[in-house]
Structures are given as C-alpha cells and as structure tokens.
Amino acid sequence: MATQPVTQRDSFTSKIGIIAAVAGSAVGLGNIWKFPYITGVFGGGAFVLVYLICIALIGLPVMLSEFIIGRKAQRNAVGSFKKLAPGTLWFMPGIMGLVAAFMILAFYGVVAGWTLEYLLKSVLNAFAGKNPADLEGMFGGFISQVTKPIIWQCVFMGLTGWIVLAGIKGGIERASKLLMPILLMIIIILDIRAITLPGAAEGLAFLFKPDFSKLSAEGMLSALGHAFFSLSLGMGTLITYSSYMGKRENLATTAVQVTVADTVIALLAGIAIFPAVFAFGIEPGAGPGLVFITLPNVFQQMPGGYFFCLLFFLLLAVAALTSSISILEVVVAYFVEELKLGRRAATIMATVAITIAGIPCSLSMGVMSNVQFMGKTFFDWLDFIAANILLPLGGLLIVAFVGWYLGREKTETEVTNEGELKAGYLPLFMFLAKFVAPVVIAIVFLHGLGLF
Ligand code: TRP
C-alpha cells in the first residue's frame, strides 16, 4: 500500500456526488458560525455587500481556476503545479496551501468540537428555561475550560481522520450527499421563526442595509478573506477535489452551482441569527460565541424546539466534518503522492500534528486568553494569517497561473472538455483571471494590512 501508484487514484462516482462533495467542503462552520460572527464584528450590511462582491468577482473565477488546474493535472495541490509548470516556482502556492490547511484545521477542529458539546447539551435539554444572559454565561464558561473543549476537539479530529482514511468514494461523497439538504431545510425553518420574532426588522436591516461609515480596511480584508474561506479557495482544496473529477464534468456549471449554494446558505444563516440577536438584546459584535448564544434562544421560542435544536447541532457538526475532511485531504494527498507515505501513516501523522496545534487555540479562550500579540490571541492569529493572508495570496497566484501561465488556449481546452462544451463566458473569465481578480486582491490585501 505504501507506494500506491498515482494512476490508481480514487475518484468521485457521480455528478451529484461531485457537487455534493465540493458543496460539502464549502458549506461548513464558515457559513453558519464565522459569517454571522464576523458580519457582527465588522458592522453588518456594508461588510456583507463587500463580501458578495468578492464572491462574484474573485471567488467564482478562483474556483473555476482551481477546477481547471486540478482536473487537468489530476494531482494534489503541489503536484498539480509541478506537473503543469515543471521546473518553475509555481508550486509555491501549493506549499502555502499546505501551511494554510494546517493552520485552518487547527482552529476549525476546536470550533467543531464546540458543536459536539452543544449537540450533547441539546440532547440533555440543557438550554431549557435559560434566558439570553444564562446562555451567554454557559458558552463563556464552557469554552474557557481547559480539558472539556480539548476532549471534544480530539473527538472531532479523530472522526475527521477516520473518514479520510476510508477514502474518497466511501466516506466523503456518501456523507455529503445525504446530509446537506437536511441542513438547508432546518436553516429555512429557523429563518421563518427568526423573522417572525418581535423586533426582527432591526436585525434584517443590520444585515442588508449597508452603512459604509462602519466599514474599515480590516473589514474589507476580512470580507475578501472570508470569501476564500467560505468557498474553500486559495489553498488547493478544490484543486485536490477536482483532481478526482471525470473528464466529462462541466467545470463552469459546477463552480456556479457551488458558489450560489454556499452564498445562499451563509445569507440564510445570517437571516436566522441577526433578527434574533436584536430581538434578544444580544451584542451583534459578541464574537465567536454569537451563533452558540443566539440560536439556543431561538429554539426556546419554537414549538418542537428541543428536536430542532438537537438536529441543528447534529447537522452543524456534520457540515463541519464534510469541510474538515476536505482540509485534511489536502495535506494527506500531498504526503501520499509527493512524499510517498502510505495513506494510513499520512492520515494519522497529519491528524495528530494538527490536533496538537489546535490545543493552544482552544486554550486561547481561557487560560491563555491573556497571551496576546498586537491584541490578538493565538486563535485569532492562526485565523488571521491563514484566512486573511495565505488564502488571498494563494488565490491571487492560482488565478494568475491560469490567466497568465496556462493562457487562453489551454484554459479553453479544459473548460470545454476538449471542444465538447460551449464556453461563451471565456473572454470574461480570462479578463477576470488576468486582471480584475489579481488587482482587486492585491489592493484589498495591501490596504487591509495598512500598507496602501
Ligand atoms: N469552506 C469551509 C467552511 O466554510 C472551510 C474550508 C474547507 C476551507 N476547506 C477549506 C477554508 C479550504 C479554506 C480553504 O466552513
């Protein structure tokens, strides 16, 4: 097993399976936990608007670029660049992606662990009769503990490693296909409850009415970074996934479908949360606890709340899992194909190392909360460096690679499946890939870091 030849690669088996797996990677804590929380921190509507512009102008072209690279090369994130641009430094974004994958999964595993604790709390009916202040105290009390959050983090990372070991077809595809639609349904039910709460209008206005006076340079950079984070872009996840796609897949349609689905789910999550935030008098900028504090309040106000709450945290954990496996897969595919490790050894090593790196992230919420550098904890730094620096830079190099290095002819061959499909969007895509996306990323990036 140790030196399985690359020609024996696993692959996705059906069209719906591919979309489900890519959407499963994209839809996760980014949509339901991070998007509402940073929208609250960065002031609402104007941030959301910048985020949507970043998705359309940058996210979509970067996603298509990752698909083009991965499916053309049929390799992992680093190997794909080495194959398409041998003897050049173009493999660097692949290496940056590995670093980003490592950092993101370290803190992702911690937050995903929180969802498991909240799943258990829902089973035990621990939210019954609690008011918003109680629920805030409950969340703060839990994440600041030393051992409990770390145990949950280890459980979650163990699950992630186990699914990645089971391989592409058996694990990832099946889980995604079954559970994503159910998650969507629950969020819609939550939305209906939230927008009929007294005072809901204020929350919707916060989310959709841009107030540009609240938009900071860091807010814009975070909107860009989050567009990458939410769509799983900029670190080779989708290069890796699309390397398992068949030659007849329509890359552009898949990219559009996944982007729309991911964005809709993030907005629906926002619609579930902000009306409730205002109705219950919770601070919109409350930070990473926003979802965990707000939603149990909403469930309290619903018939069948016990059941929906349980189902929600279960599916949130599953959504996190279909994302975390896609992050781990980047590292594992690299270890297996480039370093020639066995899949088992590679998975175990990567999982253990990332889990260990996650421990100080978890402690940042409690005993290490005072260990700060420039006002950010260890957790905040991993998130900031990975999401706001490595992903946008990786994304810039990825679109530029397709726009400038591969060029129009090779791109056309790949997106049309060697002439089978029409690609009327090609001139627009090339323009976005060569000029718009790289320039906008560079400006927002330098501006956000205060360098421009
Ligand atoms: N997109 C996922 C989410 O929204 C997280 C994720 C999976 C990710 N793969 C990624 C983020 C690759 C950045 C890069 O929860």
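Against the empirical 2.2 N^0.38 Å scaling, what ratio does the C-alpha Rg of the range 70-219 come to?
Working: Rg = 21.4 Å, N = 150, 2.2 N^0.38 = 14.8 Å.
Working it through for the range 70-219, the quotient is 1.45.
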* To do: Kindly express, to the nearest 10 degrees and within the range 0 to 90, the angle between helix 437-448's C-alpha long axis and the longest C-alpha principal axis of the chain.
  => 40 degrees
* **Mean-position separation - Cα centroids, the range 255-293 and the range 235-254, in angstrom** => 28 Å
* Asked: Going toward the positive end of the dipole of the range 130-229, with +1 on Lys and Arg Cβ and -1 on Asp and Glu Cβ, which of Gly161, Leu183, Gly199 do you reach last?
  -> Gly161
* Along the positive direction of the dipole of the chain (beta-carbon charges: Lys, Arg +1; Asp, Glu -1; about the Cα centre), which of Phe142, Pro284, Met63 reaches farthest? -> Met63
* Remind me, relative contact order of the chain in percent, using alpha carbon pairs under 8 angstrom and six or more residues apart? -> 35 percent
* To do: Using θ = phi - 60° and the Karplus relation 6.51 cos²θ - 1.76 cosθ + 1.60, list the HN-Hα couplings for the range 49-63 in order, rounded to whole Hz, with x at every Gly or Pro.
  => 5, 4, 4, 5, 5, 4, 4, 6, 7, 10, x, 4, x, 5, 4
* Structure fact -> To the nearest 20 debye, the chain has a Cα-centred charge dipole, built from +1 on Lys and Arg Cβ and -1 on Asp and Glu Cβ, of 900 debye
* **Expected 222 nm ellipticity per residue - DSSP helices of 4 or more, -39500 (n - 2.57), all of the chain, to 500** => -22000 deg cm²/dmol
* Structure fact -> With the dipole of the range 308-452 defined by +1 on each Lys or Arg Cβ and -1 on each Asp or Glu Cβ, the option from Leu314, Val402, Leu432 whose Cα lies farthest towards the positive pole is Leu314
* Cβ crowding within 10 Å averaged over residues, with 92-103, 426-437, 150-161 ranked highest first -> 92-103, 150-161, 426-437
* **Calculated Rg and Dmax of the range 171-284 using C-alpha coordinates, Å** => 17.4, 52
* **Principal-axis tilt of helix 147-166 within the chain, Cα atoms, nearest 10 degrees** => 30 degrees
* Structure fact -> In whole percent, the Cα-Cα distances of the chain spread across 10 Å bins from 0 upward as 5, 22, 33, 26, 12, 3, 0
* Asked: For Ile192 and Gln301 in one chain, what is 0.36 nm times their gap in residues minus the Cα-Cα distance, to one decimal in nm?
  -> 38.0 nm
* For the cross-link pairs Lys15/Lys72; Lys410/Lys434; Lys83/Lys247; Lys83/Lys177, which exceed 20 Å when the distance is taken from alpha carbon to alpha carbon? -> Lys83/Lys177
* Which of the peptides 312-318, 286-292, 234-240 is most tightly packed, and how do the rest follow, judged by the mean count of other Cβ atoms within 10 Å per residue? -> 234-240, 312-318, 286-292
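No value in this document is a laboratory result; all are computed from the given coordinates. From a predicted model like this one, the values you see are computed outputs, not experimental measurements. Note that each Cβ is placed from the backbone with ideal geometry, even for glycine, and that neighbours are counted across all protein chains shown.
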